[in-house]
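The structure under discussion appears below in the form of structure tokens.
Laboratory data are not the source of any read-out in this text; all were calculated from the coordinates shown. In this text, all values refer to a predicted model and were calculated from it rather than measured experimentally. Every residue, glycine as well, gets a Cβ built from its backbone with ideal geometry; the counts of neighbours run over all protein chains shown.
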Amino acid sequence: MADLRTTFMGVELKNPIILGASSLVEDLNAIKKIERAGVAAIVYRSLFEEQINLEQIQLDDQVGEYSYRNAEMGNIFPEIKHAGAGEHLYNLTKLIKSVNIPVFASLNAIYDQSWQDYAVQLGKTGIAGLELNFYDVPTDASNDSSKIESHQISILKKLKKLVKIPISIKLSPFYANPLNFIAQVDKAGAEGVVIFNRFFQPEINIENEEFYFPFDLTHEKDYQITLRFAGLLFGNINADICASRGISDGTDVIKMVLAGASSVQVVSTVYKNKAAHITQMIETLEEWMDAKGYKTINDFKGKLSMNKSKEPYAYRRAHYVDILMKSTEIFKKYPMV
Ligand SMILES: Cc1cc2nc3c(=O)[nH]c(=O)nc-3n(C[C@H](O)[C@H](O)[C@H](O)COP(=O)(O)O)c2cc1C
């Protein structure tokens, strides 16, 4: 039987499949099922500073309105304060105690001081490591990319000094050169990189001419950009590569490891196909490894990376041009008449 052990942020996992950050962690019964199905680790949903600030404002509004209407009550309880990250930390600790697999935390803060304060608080919960969710949506054209990147790297460096647990960076593909940014992350000492995050985007309803925010899950094959970058990174960084986005079954896991990933994170496929799907993914991986005679994950990890592949041109621009040159073939598949 194949040995599926691998690492994420240097932490040993029994197999490469991690439940990515999501609201699934809010349901302990679901988490128990997912653990029984064989998942190797869990990333707890992100602690968003923005959300805590928003809740504080809502609470201030509610207390303010109540005080206005009930002046004497407002005087009795003048200091009602939001619990801050307290509830998040409490639920995270509860989850860590209820499972027997590593649990990782995820953080997205706004201010430098908050990144540090929350990282320290999360580090005390018993997490196996901390994922920094570098989610940022620039809306100001004057904010240049090198400033954004150097600020993110400075946060990582500060946190590396501050907390003793391993750290990974979960990033979007929207950097001018993600390879350069990841090389900086690697140099700053991150033990892992999660490629890539996926953002929910607003949609427009043309009837009422308003925005709405659909809760879309990813689709099969949304993993292609991840596959490419896993292959470009393997052998060039020390950090563990964790693949995320559109990974839907065991064959996708095999592809990611062949490209160079040590582990994968899954969310949408667990929502769609339920916990037992994880068992199937593990079985597919095991059966494939046995059939191929691979005894460990390292036996085939990165075999098709740019550094190791017999066809490194698959990663190069020339190949992209090659595909476009052949694109007339598409007419045969989708004729206009
Ligand atoms: C309901 C839901 C909640 C999510 N919450 C978080 C979160 O708190 N932090 C985070 O970094 N990513 C979050 N994500 C993104 C996922 O972790 C993951 O990166 C993304 O869904 C792509 O992976 P997938 O194709 O396996 O779904 C969430 C996704 C979903 C669907």
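Would you check which residues across the stretch 256-273 are more than 14 Å from the ligand (Cβ to nearest atom) and free of Cβ contacts under 8 Å to residues at least 60 places away in the same chain and list them? Once the filter is applied, which keeps residues that are more than 14 Å from the ligand (Cβ to nearest atom) and free of Cβ contacts under 8 Å to residues at least 60 places away in the same chain, the stretch 256-273 yields 258, 259, 260. Give the residues of the stretch 293-318 that are of a type outside the set (D, E, K, R) and not in a helix (DSSP H, G or I), sorted by residue number. Answer for the stretch 293-318, where residues must be of a type outside the set (D, E, K, R) and not in a helix (DSSP H, G or I): 293, 294, 296, 300, 302, 304, 305, 306, 307, 309. Of all residues in the stretch 181-202, those that are under 16 Å from residue 146 (Cα atoms) and among the aromatic types (Phe, Trp, Tyr) have Cβ atoms under 6 Å from Cβ atoms of residues that are more than 16 Å from the ligand (Cβ to nearest atom) and part of a loop (DSSP other than H, G, I, E, B), 6 or more apart or on another chain, in 181/175. Only a single item in (1) farther than 24 Å from residue 232 by Cα; (2) within 14 Å of the ligand (Cβ to nearest atom) is not met by residue 131, and it is number (1). Among residues of the stretch 122-145 that are under 21 Å from residue 40 (Cβ atoms), those with a beta-carbon under 9 Å from a residue that is away from the ligand (no atom under 16 Å from the Cβ) and of a type in the set (Gly, Ala, Ser) at least six positions away or on a different chain give the pairs 129/10; 130/123.
Has the stretch 240-261 got at least one residue that is under 21 Å from residue 31 (Cβ atoms) and of a type in the set (A, V, I, L, M)? Yes, some residue in the stretch 240-261 is under 21 Å from residue 31 (Cβ atoms) and of a type in the set (A, V, I, L, M). Scanning the stretch 232-266 for residues that are of a type in the set (A, V, I, L, M, F, W, C) and more than 14 Å from the chain's Cα centre (by Cα) turns up 232, 233, 234, 237, 239, 253, 254, 256, 257, 258, 259.
Any residue in the stretch 97-106 that is within 21 Å of residue 149 (Cβ to Cβ), surrounded by 13 or more Cβ atoms within 10 Å (Cβ to Cβ) and within 14 Å of the ligand (Cβ to nearest atom)? Among the residues of the stretch 97-106, at least one is within 21 Å of residue 149 (Cβ to Cβ), surrounded by 13 or more Cβ atoms within 10 Å (Cβ to Cβ) and within 14 Å of the ligand (Cβ to nearest atom), which makes the answer yes.
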